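Read-outs: derived from the displayed coordinates by stated rules, not from any lab. Everything numeric in this text was worked out from a predicted model, so none of it was measured. Note: ideal-geometry Cβ built from the backbone for every residue, glycine included; neighbour counts use all protein chains shown.
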Amino acid sequence: MLPWKRMLRPLAALLLTATVVIVPTASATATAATEAAATSGWNNYSCKPSTAHPRPVVLVHGTFANSVDNWLALAPYLVNRGYCVYSLDYGQLPGVPLFNGLGPIDKSAEQLQVFVDKVLAATGSAKADLVGHSQGGMMPRYYLKFLGGAAKVNALVGIAPDNHGTTLNGLSNLLAYFPGAEDLLSTATPALADQIAGSAFLTKLNAGGDTVAGVHYTVIATKYDEVVTPYRSQFLTGSDVHNVLLQDLCAVDLSEHAAIGLLDRIAFHEVANALDPAHATATTCLSVLG
C-alpha cells in the first residue's frame, strides 16, 4: 500500500470523529429509546391534527442520530402544545445500528418522501410541516425541490442546517492534500461527502436558488456552531425565508451545534413560532422557562 493510502483511513476517521463527538449520541439501548418515544406521545398514528394545529409535524434527525435520540426534548415540547408529531429514521448503512443519516442524501430524501406520504395518509392532512436538525434541516430541501415535496409541505424549519455545506472549521480543506480521500469518504459514508462545501450534491441542490415557491422557510442558527461552518452558510436566500441567529434573541445563549437541536428551549420557542406564526410571541432569554 502506498504511504498516502495509509493516511486516508486516519484522515477519514478524523473527519468522522470531529463530527460525531459533537452530534447527538445514540441511546444506550434501542429498547429504552423506543420506550421513551412511546411514552412521550409522538409517532402516535391515531393522532388527528386539531383546528389550532392542522398539520402534522415531521421531525428529521441529523447525521449520526436517529428518530428518537435527536428528539427526546423537542418532540414532547411540541406534543404538549397540541401537535401531532412524527419522526423517521433515514440514511441507514448496512451493519450500522442506531447511527443513521450516513447514506447518500438523495436516497435519504426518497425515504422522507415515503414517510411524509405515510403521515399524511394517517392524519388525513393535505400538508405537513418539517423540522430538521443539521443534515435533517438541509436534506428535506432536496425532497421539496426534486421529489414533489413542495405540494405536500407547508413549512421547513431548519435547526443548524448545513444548507451550503460545511468546512468543519477548515478541516475538510485538507482532503485536497490526500489523493483518494474524498472517494473514500464517498464510499464509506456518502452523506459526509455530500455535506462538504462545494460537493456535487450541494451544487445541484442550490443551483437556481435556495428555495421553492409555496414553502415557508425558517433557519435557526447559533454563532457557536462548530460543525456547520461558517455558521452564516446555514442561512437561505429567498422571498419566503426567515433567518434567525440564536444570539440575536438571547445574547447569553451559548448553545453549539448539538445543543441547539437537542435541548435549547429558546430555539424550541422559535420553532413553535415558525409552525404557528399567527400566534407567535417574542423569543427571549426567558423563553427557556416556557
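Odds and ends about this structure:
- Over 29 Å apart at the Cα level, from the set LYS107/LYS152; LYS118/LYS223; LYS152/LYS223; LYS152/LYS204, are LYS118/LYS223; LYS152/LYS223.
- Loop-located GluC sites (Glu not before Pro) in segment 185-274 (DSSP state other than H, G, I, E, B) with a sparse environment of at most 14 neighbouring Cβ atoms within 10 Å are absent.
- Overall form of segment 203-266 per C-alpha gyration tensor (a/c, 1.5; a/b vs b/c): prolate
- Among residues other than GLN247 with Cβ under 14 Å from its Cβ, the summed charge is -4 (Lys and Arg +1, Asp and Glu -1).
- Rounded, prolate or oblate (a/c below 1.5 giving rounded, otherwise prolate when a/b exceeds b/c) for segment 35-129 by Cα gyration tensor: oblate
- With R₀ fixed at 30 Å, the C-beta to C-beta distance from SER239 to LYS48 puts the FRET efficiency at about 0.35.
- Sum of side-chain charges, SER134 neighbourhood, beta-carbon under 10 Å (Lys, Arg +1; Asp, Glu -1): -2
- Separation of alpha-carbon centers, segment 249-270 and segment 229-244, rounded to whole Å: 17 Å
- Over all other residues within a Cβ to Cβ distance under 13 Å of VAL116, the charged ones net out to +1, with Lys and Arg as +1 and Asp and Glu as -1.
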